[in-house]
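*Asks:* My questions will all concern the structure given below.
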Amino acid sequence: MSMTGRRTQGSGSKDSGPKAKFSQLWPYMKQQKGLLTVAVVFSIIGAAVNLAQPLVVGQIISTVQEGNDVLALAIGLLVITLLSALLSGAMYLVLAKAGEGVVLSARTSLATRLLRLPIAEYDLRRTGDLVSRVGSDTTLLRAALTQGLVDGAGGALIFLGSVIAMAFIDWLLLVLTLLMISVAVAAIGITSRRIRAATTKAQDRVGRMSASVERALSAVRTIRAARAEDRESDQISKDAQEAFEQGVKIAKINSWVTPIGGLAANGAFIVVLGVGGYRVATGETQVANLITFILLMFLMIRPVGQFFSAYSSVQSALGALARIQEILDVPLEDTDAERAQISKRKAINATAIEFRRIKFNYPARAEVALDANGKPIEGAEPIMSEPKEVLKGVSFKIERGSRVAIVGPSGAGKSTIFSLMERFYEPTGGEILLDGQSVHSMLRSDLRAQIGYVEQDAPVLAGSIRENLLIGSPNATEKDLKRVLSEVNLTTVLKRDKRGLDAEVGEQGIMLSGGERQRLAIARTLLSAPPIMLLDESTSSLDGLNEQRMREAIDAVAKNRTMIVIAHRLSTVVDSDQIIVIDGGKVIGAGTHKQLLRSTPLYKELAATQMLA
C-alpha cells in the first residue's frame with residue numbers, strides 16, 4: 001500500500017488525537033455561575049413541584065373512594081401543574097441565555113488565542129479548520145454546559161425523591177423497577193463511551209470541509225479561469241461525505257440510547273402493572289397506591305433519560321472541547337518565561353540591524369499517512385517530514401538611515417530573513433541584533449513597533465480604505481490618512497468613489513489593482529511611523545507605470561528611516577546604499593550596484609537579464 005503525506009489536523013493514530021477532561025468544562029461554567037445558579041434553583045423547585053403531583057393525584061383517588069369532596073385538591077393540582085409549566089419556561093430562558101454566554105466566551109477566547117499563536121502554527125494548520133473550531137465546535141458546548149448538567153441537578157432530586165416515596169408505598173415494586181433500570185443504565189453507559197471519540201472525528205471532518213471551502217473561495221477566480229469548478233466541488237463533496245459518515249456514526253451510537261431507555265421504561269411499567277395489579281387483587285395494596293407508584297415510576301424514569309441525554313451531550317462537548325483546547329494549549333509568542341528575561345531598551349545605535357551567523361531550519365511536520373486513493377489510513381502513525389535548512393550562517397550589518405536591498409533567486413531565503421527580523425520564527429543558530437541589542441531580550445510587540453513590514457502579497461483586508469489604514473494606528477486622524485496616501489501616490493483611489501476613504505476595497509482588495517494594493521499596504525505601515533521599514537517583493541508583479549509609481553513611493557517613504565527592500569526588479573534598488581545578494585541560504589556578495597557588477601557573478605547575471613549590466 002502506497003503512502004503519502006498530508007498536514008495533520010489532529011488525527012493520526014487512534015489515541016493520538018486531542019482529548020479533553022471534564023474538569024476543563026468548569027471554567028466555561030464558572031463564567032456563567034450566576035445564571036446557572038438561578039437555573040439550578042428553578043430546577044430544584046420544579047423537581048419538588050413535580051414530585052408533589054403524583055402524591056396529590058393519589059390523595060384525590062383516595063378521597064374519591066372515601067366519598068369526600070375533592071375540589072380543593074383538584075384546584076391544588078391545577079396550581080401545581082401551572083407552576084411546574086412556569087418554572088420550566090423560566091428555566092429554559094435562563095439556560096438559553098447561559099448557553100449563549102458559554103458559546104460567546106468560548107468563541108472570544110479562542111479567537112483571541114488564534115490571533116496570538118506563533119506564526120509556525122499557521123503553517124501547520126489550514127485556515128478553514130481553525131475557523132470551524134470557532135464557529136462549529138464551540139456550539140457543542142451549549143447544551144452540555146447548560147441543559148445537560150443543570151437538568152442533572154433537578155433530575156437527581158426528582159430521582160431521589162421518587163425512590164424514597166416509592167419505597168414507602170411498595171418496596172417490592174421499587175426493587176423490580178430499579179433492576180430493570182439498572183440493566184438499561186449499564187447498556188447505555190457502555191454504548192455512550194464511544195460518543196466522545198466519534199464527535200472529535202466528526203468535528204475534524206467538518207474542519208477539513210471548511211478548509212476546502214475556504215481554499216476554493218479564496219482562489220475562486222483562479223478556479224474559474226482554470227475551469228476547475230468540478231474538481232474543487234468534488235473535493236468539497238468528498239470532505240462533506242466524510243463529515244456525513246462520521247455524523248451517521250454518532251447517530252448510530254445515539255440511536256441505541258432511546259430504544260434501550262424506552263425498553264426499560266416499558267418493561268418496568270409492565271412488571272409494575274402486572275405485579276402491582278396482582279397485589280391489588282390480593283388486597284396487599286390499594287389502587288390509589290398503585291397509581292401513585294406508577295406515576296412516581298414514570299417521574300423517576302424521566303431524569304434517567306435526562307441523564308443519558310446529558311451524558312451524550314457532555315461526551316460530544318468533550319470531543320469538541322478537545323479541538324478547542326488543542327488551540328488554547330498552544331503557547332503564545334511571548335511566553336511568561338520570555339517576559340521575565342526582558343531587558344531595558346538600549347539607546348539608538350549606528351547599526352540598526354545586524355545578523356550574526358544566522359542559521360534557520362523550518363521544523364519537521366507531522367503528516368497524516370494516506371492510502372493510494374488519498375484517504376487517511378485509520379490507525380496509521382503520522383509521518384514526520386524532514387526539516388528544511390533555509391539559512392546557512394547569514395551575516396550582515398545594516399546602518400541606521402540607510403537604504404538596503406536584498407536580492408537573489410527565488411527560494412534563496414530572502415523572505416525568511418524578514419520573518420526572522422519580525423521574530424515570526426526563531427533562528428536555529430546565531431544572533432539578531434537591533435540597535436546592538438539581541439532581539440531575544442525584547443518583547444515581540446516592542447520589536448515590531450520599531451519595524452514596519454509590508455508582506456510579499458501585500459494583503460488587503462475586506463472593508464473600506466479607512467479600515468485598512470487604521471488597522472495598526474486606530475487613533476490616526478483623517479488628515480493623517482490622506483497624508484500617507486499622498487506619500488505613496490494613492491490619492492487617485494479616493495477620487496474614484498464619492499465615499500472617499502470609506503470606499504470598499506472588496507474581498508482581499510479585489511477592487512484595487514496589484515500596485516494599488518501594495519501601495520495601500522505601505523501607507524498602512526507608514527501611519528505607525530516605524531524607524532525601520534521592510535518591503536518584501538514590492539515590485540515583482542507590477543507593470544512599468546505602477547513600478548515607477550512604486551519606486552517614487554519607496555523614495556518618499558525612505559526619507560528619515562532605515563529602508564530594507566526585497567525586489568526581483570533591480571531597477572528599483574540599483575541606487576541603494578547597500579545591496580546584499582543571497583543564494584542558497586548564504587550571503588554571496590554585498591556592496592553597491594557597481595561594486596557587485598564587478599565582484600559577484602550571480603548579481604551580474606541578474607542585472608544582465610534585466611538589461612542593467
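The values are calculated or read from the model by the stated rules, or taken from the named source; none is laboratory data. A quick note: this is a predicted structure, and the numbers were derived from the prediction, not measured. When we count neighbours, we look across all protein chains shown, and the Cβ atoms used for this are built from the backbone with ideal geometry, even at glycine. Side chains included, ligands, DNA and RNA excluded: accessible areas come from the protein's heavy atoms. Shrake-Rupley method; radii C 1.70, N 1.55, O 1.52, S 1.80 Å.
*Asks:* Out of the total accessible area of the stretch 267-335 (probe 1.4 Å, heavy atoms of protein only), what percent is carbon and sulfur? The partial results should precede the final answer.
*Replies:* On the way: 1740 of 2670 Å².
Exposed carbon and sulfur together represent 65 percent of the surface.
*Asks:* Please give the length that would be gained between residue 504 and residue 71 if that part of the chain were fully extended, namely 0.36 nm times their separation in residues minus their C-alpha to C-alpha distance (nm, one decimal).
*Replies:* Values: separation 433, 0.36 × 433 = 155.88 nm, distance 7.16 nm.
Computed gain between residue 504 and residue 71 is 148.7 nm.
*Asks:* So with the 1.4 Å probe, I'd like the accessible area per residue for the stretch 406-466, rounded to whole Å².
*Replies:* Spelled out: the 1.4 Å probe surface of the stretch 406-466, per residue, equals 32 Å².
*Asks:* Please report the spacing between the Cα centers of the stretch 493-540 and the stretch 97-113 in Å, no decimals.
*Replies:* After rounding, the separation between the Cα centres reads 33 Å.
*Asks:* A further question on this structure: With the contact rule set at Cα under 8 Å and sequence spacing of 6 or more, what percent relative contact order holds for the stretch 483-526? Write down the numbers at each step before the final one.
*Replies:* Values: 24 pairs, mean separation 22.8, N = 44.
Relative contact order comes out at 52 percent.
*Asks:* Using 12 Å as the cut-off for backbone N distance, which residues of the stretch 297-319 belong to the label zone defined by a point 7 Å from the Cα of residue 278 along Cα→Cβ?
*Replies:* Flagged as within label range: none.
*Asks:* Sticking with this structure for a sec: With labels modelled as points extended 7 Å from the Cα through the Cβ direction, what inter-label distance (nm, one decimal) is found for residue 362 paired with residue 245?
*Replies:* About 3.0 nm separates the two model spin labels.
*Asks:* Give, as a single signed number, the net charge of other residues whose beta carbon lies under 13 Å from the beta carbon of residue 296, with Lys and Arg counted +1 and Asp and Glu -1.
*Replies:* Here the count lands on 0.
*Asks:* Which order do 557, 163 take by accessible area at a 1.4 Å probe, largest first? Numbers along the way, then the final one.
*Replies:* Values: 557 0, 163 30 Å².
Descending order: 163, 557.
*Asks:* Give the carbon-plus-sulfur fraction of the accessible surface of the stretch 37-123 in %, rounded to a whole number; probe 1.4 Å, heavy atoms of protein chains only. Don't skip to the answer; put the middle values down first.
*Replies:* Details: 3410 of 4720 Å².
That share works out to 72 percent.
*Asks:* According to a simple spin-label model (label point 7 Å from Cα along Cα-to-Cβ), what is the distance in nm between residue 79 and residue 477?
*Replies:* 7.1 nm
*Asks:* If you don't mind, another one. Using a Förster distance of 60 angstrom, determine the FRET efficiency expected from the C-beta separation of residue 351 and residue 513, and round it to 0.05. Display every interim value, and only then the final one.
*Replies:* Values: r = 38 Å, r/R0 = 0.63.
Computed FRET efficiency for residue 351 and residue 513 comes out at 0.95.
*Asks:* OK, next. For the stretch 53-111, what does the accessible surface come to per residue with a 1.4 Å probe? Please give it in Å². Don't jump to the answer; show the numbers that get you there.
*Replies:* Numbers: 3380 Å² over 59 residues.
Per-residue value: 57 Å².
*Asks:* List the residues whose amide H sits under 5 Å from the amide H of residue 358, counting only those 5 or more places along or on another chain, with H placed 1.01 Å from N in the peptide plane.
*Replies:* 393, 394, 395, 431
*Asks:* Count the net charge of all other residues whose Cβ sits under 13 Å from the Cβ of residue 606, scoring Lys and Arg as +1 and Asp and Glu as -1. Kindly include the intermediate steps, with their values, before the conclusion.
*Replies:* On the way: positive: 414, 569, 604; negative: 583, 605.
Taking every Cβ under 13 Å from that of residue 606, the sum is +1.
*Asks:* I want the local charge near residue 107. Using Cβ-Cβ distances under 14 Å, sum +1 for each Lys or Arg and -1 for each Asp or Glu among the other residues.
*Replies:* Numbers: positive: 113, 133, 142, 323; negative: 100, 137.
It works out to a net charge of +2.
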